[in-house]
Amino acid sequence: MKHADFIVISWVLSFAPIALYAWRNARRARRLDPFVEKSDKPWT
Amino acid sequence: MSNTTTSVPPPTRTAASRNLGLIAIFGSIVLALLGLFFTAEDVDQGSSVRIMYVHVPTAWVAYLAFVFTAVCSAGHLWGRKHSLNLDRLAGASAEVGVIFMGVTLVTGSLWGRLSWGTYWQWDPRLTTTAFLFVTYVGYLAVRGLGGTQHQRAKRSAIVALFAVLEIPLVHFSVLLWRSLHQEATVLRPNGDVKMDGLMLFSLVFGVAVFTTIFAWLVLHRNRVLALVDAVELRGIDAALEARRAEEVPS
């Protein structure tokens, strides 16, 4: 691999897990939503 | 349309959390421009120093996440109400901290390949960081053990208060033992910062960006965990109701 490849891969591997985690959280929240009441979501 | 499609906003979203997310995304783009294009190459390390703008901030914010976990855990244990929300915040923060610490290890490994010619060495800093990572993976495993929500909270709070003691060991490992890893450039004991102006600005900006990402992720994860707990309680309530109905003589 070239020098620049290591740098680009580092940056991609820094943000990819964060994006994946955020996406999985959003999906989990949507799946749980039908089973909760409005009182379970005091932030809304 | 199904409620699980991505076109529906997640129920954890509010106007404030949306704005925080937008700030985090915009900040990440600016950080990428600064780190990859606008900052100068290092005299000794050349362009590989560009990994520093993600490696160092993720390490610092992982420390912050673990300290926040300990503070919330202490709040749960010694607070008058033994708040489960503090326990959920502790868990959310630890999860995000583990992700950031994982990123630190991976980016550090790639940087090590460029600087030292190897992906891994059993060096004091690398070993203690890996140990910290494994400890918090263990903490998350402890959270997943059975029991009531209050049992989970108490058990994991005690683990968190011990686990946080590892952080000074990781940070000062480069001073305590002979290490391949360089000593601190910014957080030096004598306060003398050895870094160029724009490089230092980009590094501090990176810390701000990853702290914003941390706050955004923890906010959402805390709300997801609240939903999980609510569903669990409803399930228990429904089971108890069914049991009572069975016990009523016909």
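The values are calculated or read from the model by the stated rules, or taken from the named source; none is laboratory data. Here the structure is a predicted model, which means the values were calculated and not measured. Every residue, glycine as well, gets a Cβ built from its backbone with ideal geometry; the counts of neighbours run over all protein chains shown.
Any chance you could count how many residues in the range B:46-99 are closer than 21 Å to B:Gln182 by Cβ and either touching a strand residue (DSSP E or B) at 6+ places or on another chain (Cβ under 9 Å) or among the basic types (Lys, Arg) (or both)?
Matching residues across the range B:46-99 total 4.
Evaluate the following for B:Val67: is it aliphatic (A, V, I, L, M) and either closer than 20 Å to B:Arg221 by Cβ or without any contact (Cβ under 8 Å) to a residue 24 or more places away in the chain (or both)?
yes
Residue by residue through the range A:15-43, note down the ones that are of a type in the set (S, T, N, Q) and either over 10 Å from the mean Cα position of the chain (by Cα) or over 18 Å from B:Val8 (Cβ atoms) (or both).
A:Ser39
In the range B:84-98, is there at least one residue being modelled with pLDDT of 90 or more and over 23 Å from the mean Cα position of the chain (by Cα)?
No; the residues of the range B:84-98 include none that is modelled with pLDDT of 90 or more and over 23 Å from the mean Cα position of the chain (by Cα).
Restricting to the range A:5-44, name every residue that is facing chain B (nearest Cβ under 7 Å) and among the small types (Gly, Ala, Ser).
Within the range A:5-44, A:Ser10, A:Ser14, A:Ala22, A:Ala26, A:Ala29 qualify.
So, B:Ala153, is that one within 16 Å of B:Leu225 (Cβ to Cβ), touching a residue at least 40 places away in the same chain (Cβ under 8 Å), over 16 Å from the mean Cα position of the chain (by Cα) and part of a helix (DSSP H, G or I) or not?
yes
Only residues that are polar (S, T, N, Q) and modelled with pLDDT of 90 or more: list them for the range A:23-41, please.
A:Asn25 - this is the single residue of the range A:23-41 that is polar (S, T, N, Q) and modelled with pLDDT of 90 or more.
Restricting to the range B:220-243, name every residue that is modelled with pLDDT under 85 and basic (Lys, Arg).
Answer for the range B:220-243, where residues must be modelled with pLDDT under 85 and basic (Lys, Arg): B:Arg234, B:Arg243.
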